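Everything on this sheet refers to the single structure shown next.
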């Protein structure tokens, strides 16, 4: 084993690379929805259930992953999460049945669940206090790159090969990073806390975290996740069914938003540090809501895509702001648990919303995702004004 000694920027670079590899499969289930519906003859409701099942596993393992992150080596857990991804990719290449596809999606969701508490804790621990939002911004940008690369890879793969090869392309890079993560130890100031935690009750971090302030923040994140998930789950379906785009092009467009978000998430970190969380979130969410409204009213596919890119750019800016809020109110020894709890709202929304939206779309049409998302974002704006931090 070796310890990274060159300074926090080298350590941050390693965490950023691992974050990119972690997310290359994240959005593939959503990008694949119209393809799976066509290939396996699924109804839109069944497709929504398939997307929801992996989130159940994420929800079940959310708190255990955080408790582990506060007690075990961060890099070992990062390595473990990446190997889970490799297992899912291998299975989907060998046996692409509906059941195995659901299992693969579930392993991808679990890998994210086990990755984020240790990785976010490590990022906040190695970042100087005046670089916290920016450090999280760079880490978020690297994940955004991975989120973009998956659907874009799929879009190009579909021109020559079947969709499964979008998983095969990333197997070797993920394997390399997983192996490196296993042997690297980050030099973290929280190492003393890890030693102290070994003798403490598993419930100790939960007691540190479960304050009224933190629970209020989780409620804000719940509505934000509901708004964003409403759009992301059925966007490729909307582009193919309502705007007449083919599945490959819709997947590339889906990936373009997080790709341009590479800069926006870094900008979001700077804005959060300079303006404060309330002013920055109010401004950003207002622009996001307006962009969605314009997207809903767009007559042509080109207008729809342009407003979607604006929406995606500003929506991703919120990531480092909300993540740094967690670090500002939670002590370092309990941040793994806090970050695991942060993802519970996303898991709940990921379970419920695809099914609810599938039912609504079956009775109405896929356009219903826009007014629903707009209402959720308005609720987020209200919460931002009344939340006390």
Percentage relative contact order, the chain, counting C-alpha pairs under 8 Å, at least six apart: 30
Euclidean distance of C-alpha centroids, region 91-141 and region 250-277, integer Å: 17
Scattering profile of region 315-362 at q = 0.16, 0.25, 0.30 Å⁻¹ [log10 I(q)/I(0), Debye over alpha-carbon scatterers]: -0.59, -0.91, -1.04
Protection proxy ranking, peptides 247-257, 86-96, 372-382, average beta carbon neighbours within 10 Å, highest first: 247-257, 372-382, 86-96
Additional length obtainable on full extension of the chain from residue 388 to residue 297, 0.36 nm per residue less Cα span: 29.2 nm
Square roots of five times the Cα gyration tensor eigenvalues for region 72-113, Å: 23, 9, 4
Order of 16, 294 - criterion: other Cβ atoms within 10 Å of each residue's Cβ, fewest first: 294, 16
Most mobile listed residue (299, 148, 178) in the chain, GNM with C-alpha springs under 10 Å: 299
Cα centroid separation, region 330-345 to region 215-240 (Å): 20
Relative contact order (%) - criterion: Cα under 8 Å, at least six apart; region: region 242-389: 31
FRET efficiency for residue 162 and residue 72, using Cβ-Cβ distance with R0 set to 45 Å, rounded to 0.05: 0.70
Estimated [θ] at 222 nm from DSSP helical runs (n ≥ 4, -39500 (n - 2.57)) normalised by residues in the chain, nearest 500: -27000 deg cm²/dmol
Coordinate range along principal axes, alpha carbons of region 246-389, Å, largest first: 48, 30, 30
Kirkwood Rh, angstrom, region 1-105 [1 / mean 1/r, Cα pairs]: 16.0
Convex hull of region 235-299 built on C-alpha atoms - directionally averaged projected area, nm²: 4.9
The chain: angle of helix 247-275 to the longest principal axis, Cα-based, in degrees nearest 10: 40
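Laboratory data are not the source of any read-out in this text; all were calculated from the coordinates shown. All values reported here derive from a predicted model rather than from experimental measurement. Note that each Cβ is placed from the backbone with ideal geometry, even for glycine, and that neighbours are counted across all protein chains shown.
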